[in-house]
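Novice: One structure, as structure tokens, below. Some questions next.
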Amino acid sequence: MYDVVIIGAGITGTMLCRKLSQYRLKIAVLDQANDIAEGATMANSAVIHVGYDPEDGTNKAELNVKGALQYEQLCKDLHCKHKTVGAYIAACGAEEEAALGVLAARADARNIPYRWLSRADALPDEPNLSENVTRILDFYTTAVVYPWEVAVACMEVACQNGAELHLNSPCTGIAREDKCFRITTPNADFLTRYVVNAAGVHAEEIHNMVGKASWHATPRKGEYYVLDQDVQPIRHIIFPVPSKEKGKGVLAIPTVFGNTLIGPNSDFLEDPDDTGTTDSGLAYVRENIGKTLNHIPLNRSIRTFAGIRPTTSAPDFIIEEISEAPHFIDAVSIESPGLASSPAIADRIIEILAQSCPLEINPDAVMTREKPIVLADLSAEERNALIRENPSYGKIICRCEQISEGEIIDCIRRPCGARTVKGVKKRVRPGMGRCQGGFCEPKVLHILARELGISPLDVVYGGPDSNILQSENRI
């Protein structure tokens, strides 16, 4: 018998699991995917929005502000990348300047710092600003993170405190039994007193197993370009003025590792798992980035990708215990600013749980994680000492990102460790550089096979059926 089962191992589910793991509770996280953070958390803009955009009186407005304020300390506790870069909201003409005034008024009411800039004020820092730009609202405390790093770190902490992670475990049914729920998966059944539905684009399917949703899932695809690290056309996040029709629009985002993201578009989907890029979607990104920026070298792109936003027909986050099934809590429609809001979303869910579930602090719980070794962050003296102690850190596997074999071994052996090539890539970045794994992927594959005690033929890229090698040839 579990106290809480969370369905979904994205940023919402893992953030909640970490915070719940400080209590004396038996907790499990279920996910249909082969790793943590394979859905919306895997492919988004990575921006910790400060909270000026959501409309007054919404969950988004309240939880965005509260969640964003937690991130810097959270990332220190989890040893995750967090970089304050600032965000320029760039207006083009009088009508958009008026819209900036609405955002400034919201920021004033929410104690969010900002400053006004003219195009001339901003040009020394952002010389590629378009001639269309007439005025800028600078939210200079805006930060970026590495979203899946945060989700993995949260799950590591939760598991070291006794929580369980069950991957490749899609929920196929939920039935009420006496005072608990029976959750059915292909691998096992789970009896639990409480269920939290954090299933992202599949949340409607999960909700409808216990009651009819009053909202409808309408997932949207967003497509992006990733520019090489040696091309850095911006220093701040550059936003167009947001609108109800286009959301936050096509952005330019400096990442914590020096790449630049350009995107996204916003297209509604019928297939919630369609993460393929399209000619039309990428063309939209190319055409619209020119509104705010000049000279964006998209020819220096090293990758394109797409993510799915778990949008619904509801205009706000839905975080509530549903009336048809007491003790079943929805955390759905968590689109932007869901990443920034996730710590406060977890707090809100815990408040709901606390109304009927006794929460007793576990004094033995540890809410931080051991800092991973990142060779690139060490001084020459520290590297040399580490390599003398463990020579695997002296063997560079990924030349583009300078990732050592020791770092790869560590990410496999850690709690919730990598089990796939993509899992290694997400945790320590081999394959994220210019060659996109052309040099290092075969080496990562063989390290995985050795560490997991399996044949190289059984190593997968990401999903359970994504085997990279098909047969063994002997010459």
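The values are calculated or read from the model by the stated rules, or taken from the named source; none is laboratory data. Please read all numbers here as calculations on a predicted model, not as lab measurements. All Cβ positions, even for glycine, are placed from backbone atoms using ideal geometry, and neighbour counts span all protein chains on display. Accessible surface areas use protein heavy atoms only, side chains included; no ligands, DNA or RNA. Shrake-Rupley method; radii C 1.70, N 1.55, O 1.52, S 1.80 Å.
Novice: So what's region 328-466 giving for Cα Rg divided by 2.2 N^0.38 Å, two decimals?
Specialist: 1.36
Novice: Just to confirm a number: summing +1 for Lys and Arg and -1 for Asp and Glu over residues other than residue 280 whose beta-carbon lies under 14 angstrom from that of residue 280, what do you get?
Specialist: -3
Novice: I'd like the isolated cysteines in the chain, meaning no second cysteine's beta-carbon lies under 4.7 angstrom from theirs.
Specialist: 17, 92, 154, 159, 171, 180, 357, 400, 411, 416, 435
Novice: Working with all protein chains in place, sort 178, 3, 108 by solvent-accessible area computed with a 1.4 Å probe, largest first.
Specialist: 178, 108, 3
Novice: What is the magnitude of the charge dipole of region 342-417 about its Cα centre, with +1 placed on the Cβ of each Lys and Arg, -1 on the Cβ of each Asp and Glu, and no other charges, expressed in debye to the nearest 20?
Specialist: So the magnitude is around 280 debye.
Novice: OK, next. Take the solvent-accessible surface of the protein heavy atoms, probe 1.4 Å, and return the percent of it on region 132-273 that carbon and sulfur atoms account for.
Specialist: Roughly 48 percent, rounded to a whole number.
Novice: Okay, moving on. Straight-line reach from residue 291: which lysines have a Cα under 18 Å away, not including same-chain ones fewer than 8 places off?
Specialist: Partners found: 244, 246, 248.
Novice: Now, a different point. Can you find, among 454, 359, 313, the residue farthest towards the positive end of the dipole of the chain? Put +1 on the C-beta of Lys and Arg, -1 on that of Asp and Glu.
Specialist: Going by the Cα projections, it comes out as 454.
Novice: Please get the size of the charge dipole for region 368-462, origin at its Cα centre, with Cβ charges of +1 on Lys and Arg and -1 on Asp and Glu, quoted in debye to the nearest 20.
Specialist: Dipole about the Cα centre, nearest 20: 280 debye.
Novice: Please list the equivalent ellipsoid semi-axes of region 73-222, computed as the square roots of five times the alpha-carbon gyration tensor eigenvalues, in descending order and whole angstrom.
Specialist: 44, 21, 14
Novice: Could I ask something else about it? Near residue 454, within a Cβ-to-Cβ distance under 14 Å, what is the net charge of the other residues, with Lys and Arg +1 and Asp and Glu -1?
Specialist: Computed value for this residue: -1.
Novice: With a 10 Å radius around each residue's Cβ, average the other Cβ atoms per peptide and rank 210-218, 307-315, highest first.
Specialist: 307-315, 210-218
Novice: Treating cross-link reach as a plain straight distance, find the lysines whose alpha-carbon is under 17 Å from the alpha-carbon of residue 26, omitting any fewer than eight places away in the same chain.
Specialist: Straight-line reach from residue 26, under 17 Å: 179.
Novice: With the Cα gyration tensor of region 150-225 giving a ≥ b ≥ c as the square roots of its eigenvalues, does the rule (a/c under 1.5 for rounded; else a/b larger than b/c for prolate; else oblate) give rounded, prolate or oblate?
Specialist: Oblate, since a/c reaches 1.5 and b/c is not below a/b.
Novice: Once each part is reduced to its C-alpha centroid, what is the distance from region 162-192 to region 320-383 in angstrom?
Specialist: Cα centroid of region 162-192 versus Cα centroid of region 320-383: 20 Å apart.
Novice: To the nearest 500 deg cm²/dmol, what mean residue ellipticity at 222 nm is calculated for the chain from DSSP H runs of n ≥ 4 alone, each contributing -39,500 (n - 2.57), summed and divided by the residues?
Specialist: Only helices count here, giving -8500 deg cm²/dmol.
Novice: Find out how many positive minus negative residues lie around residue 56, taking Lys and Arg as positive, Asp and Glu as negative, among other residues whose Cβ is under 14 Å from that of residue 56.
Specialist: Net of charged neighbours comes to -2.
Novice: Compare the peptides 180-193, 370-383 by average per-residue count of other Cβ atoms within 10 angstrom and give them in order, highest first.
Specialist: In descending order of packing, they fall as 180-193, 370-383.
Novice: Ignoring ligands, DNA and RNA, what accessible area per residue does the chain give at 1.4 Å, in Å²?
Specialist: Heavy-atom accessible area per residue stands at 43 Å².
Novice: Take the alpha-carbon centre of region 413-475, take the same for region 41-106, and report the distance between them in whole Å.
Specialist: 36 Å
Novice: Only Cα pairs under 8 Å and at least 6 apart count here; give the relative contact order of the chain as a rounded whole percent.
Specialist: 20 percent
Novice: What distance in nm separates the simple spin-label points at residue 368 and residue 56, each placed 7 Å from Cα in the Cβ direction?
Specialist: Placing both labels 7 Å along Cα→Cβ, they lie 4.1 nm apart.
Novice: Right, next: List the lysines whose alpha-carbon lies under 22 Å from that of residue 422, not counting same-chain residues fewer than 8 positions away?
Specialist: 81, 221, 371, 395, 443
Novice: Suppose every Lys and Arg Cβ carries +1 and every Asp and Glu Cβ carries -1, with no other charges. What dipole size does the chain come out with about its Cα centre, to the nearest 20 debye?
Specialist: 980 debye
Novice: If contacts are Cα pairs under 8 angstrom and at least 6 residues apart, what is the relative contact order of region 178-312 in percent?
Specialist: 30 percent
Novice: If you stretched the chain out fully between residue 472 and residue 316, how much longer would it get, using 0.36 nm times the residue separation minus the C-alpha to C-alpha distance?
Specialist: 50.9 nm
Novice: Okay, next question. Applying a 10 Å radius around every beta-carbon, put 6-18, 26-38, 455-467, 50-62 in order of their mean neighbour count, most first.
Specialist: 6-18, 26-38, 50-62, 455-467
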